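Q: My structure is below; once you've seen it, I'll send some questions.
The values are calculated or read from the model by the stated rules, or taken from the named source; none is laboratory data. No experiment lies behind these values; they were computed from the predicted model shown. Heads up, the Cβs are rebuilt from the backbone with ideal geometry, glycines too, and the neighbour counts pull from every protein chain shown.
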């Protein structure tokens, strides 16, 4: 049997944003206003009316599947792509058609783009040509201390691990004190353990310097770990913006519910704060009326062994901290997450109970 902690209640608090577009905090540093980009006549737009604001020191993740437009959006902010329509404003100044090198924005490339013939120190100094040699060296050494690589200043990139190369690339970017740092899939070349460690270091470093950051990723776990807010993209459009907590608990569509974590999509007929479903009447996280689709997270479902139960376990995946079950109820197969304690074998008969508010989808 599994229980849902009170802290994970799916009842929508008063401050939540039911329409799915939480605004940026105060002190907006970047405004992306209705950006549009089409690469070939007759093709669907790669990006369609993308809009959001970014606050000072805030981390935003552009999250979505391959081909959704997230990297194109990032490249328009950086100046590597010119939008067909819309505007990019940095600190209130329109930079839509400003050259990339004149924008004052930092960019961490997916392959890090380190110079193989230069030492770590010289790589970090590369963008500091407006400073005297002594000041550039002092600034680069300060950045290397910040990223924990002061002892490797004389090495060359090929002598570093992937995580160390990533930190050198970030140190080089932060050395120029940009107000905004853009990162395109920055952890994709790292193994799983290094990825977890490095992404927390990157978040910590950006918070220390006060720079705002935008990270492009298709990894939902990565986005939820590093971002203050997440902008979910589908087919060139931003379909929801919110904190990781809001995106997970209150998805606005079946796409968001299924892309961010796991979700069971049900049908029901809503009447205010209640909905009639095949599992009986259930409370809603917010008011709705008429036919609705519903999101039920696997951890919201309780399983109880019952020889006379109407459902049966058809699959199980042990994941250490918990277990994922596939449970057949009539013609429907549901995903259920339970604790790592008691185990139900495949073939066991069970009873299902949905134990929290369900979320109506648009």
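Q: Would you tally the residues in segment 183-224 being part of a helix (DSSP H, G or I), closer than 21 Å to residue 146 by Cα and either at pLDDT 95 or above or in contact with a helix residue (DSSP H, G or I) (Cβ under 9 Å, 6 or more places away or on another chain) (or both)? Lay out the reasoning, then the answer.
A: Filtering segment 183-224 down to residues part of a helix (DSSP H, G or I) leaves 192-209, 220-224.
Narrowing the set further to residues that are closer than 21 Å to residue 146 by Cα leaves 194-209.
This time we only want the ones that are either at pLDDT 95 or above or in contact with a helix residue (DSSP H, G or I) (Cβ under 9 Å, 6 or more places away or on another chain) (or both), so: 194-203, 205-206, 208-209.
Residues flagged as part of a helix (DSSP H, G or I), closer than 21 Å to residue 146 by Cα and either at pLDDT 95 or above or in contact with a helix residue (DSSP H, G or I) (Cβ under 9 Å, 6 or more places away or on another chain) (or both) within segment 183-224 amount to 14.
Q: Considering every residue within segment 105-119, establish whether at least one is in contact (Cβ under 8 Å) with a residue 12 or more places away in the chain and part of a helix (DSSP H, G or I). Full working, then the answer.
A: Step one: filter segment 105-119 for residues in contact (Cβ under 8 Å) with a residue 12 or more places away in the chain, giving 105-119.
This time we only want the ones that are part of a helix (DSSP H, G or I), so: none.
Scanning segment 105-119, I find no residue that is in contact (Cβ under 8 Å) with a residue 12 or more places away in the chain and part of a helix (DSSP H, G or I), so the answer is no.
Q: To continue, here is another question. Only one of (1) farther than 30 Å from residue 282 by Cα; (2) at pLDDT below 95; (3) touching a helix residue (DSSP H, G or I) at 6+ places or on another chain (Cβ under 9 Å) is not met by residue 2, so which one is it?
A: Residue 2 satisfies every listed condition except (1).
This table checks each residue for (1) out of contact with any strand residue (DSSP E or B) (no Cβ under 6 Å at 6 or more places or on another chain); (2) under 28 Å from residue 88 (Cβ atoms); (3) without any contact (Cβ under 8 Å) to a residue 60 or more places away in the chain; (4) surrounded by fewer than 17 Cβ atoms within 10 Å (Cβ to Cβ).
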| residue | (1), (2), (3), (4) |
| --- | --- |
| 142 | yes, no, yes, yes |
| 150 | yes, no, yes, yes |
| 188 | yes, yes, no, yes |
| 211 | no, yes, no, no |
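Q: Picking from 67, 57, which residue would you name as being in a loop (DSSP other than H, G, I, E, B) and within 13 Å of residue 29 (Cα to Cα)?
A: It is 57.
Q: Looking at (1) closer than 26 Å to residue 253 by Cβ; (2) at pLDDT 95 or above; (3) surrounded by 18 or more Cβ atoms within 10 Å (Cβ to Cβ), which one does residue 324 not meet, given that it meets all the others?
A: (3)
Q: Over 26 Å from residue 25 (Cβ atoms) and not in a loop (DSSP other than H, G, I, E, B): does that describe residue 172?
A: On the way: over 26 Å from residue 25 (Cβ atoms): yes; not in a loop (DSSP other than H, G, I, E, B): yes.
It is true that residue 172 is over 26 Å from residue 25 (Cβ atoms) and not in a loop (DSSP other than H, G, I, E, B).
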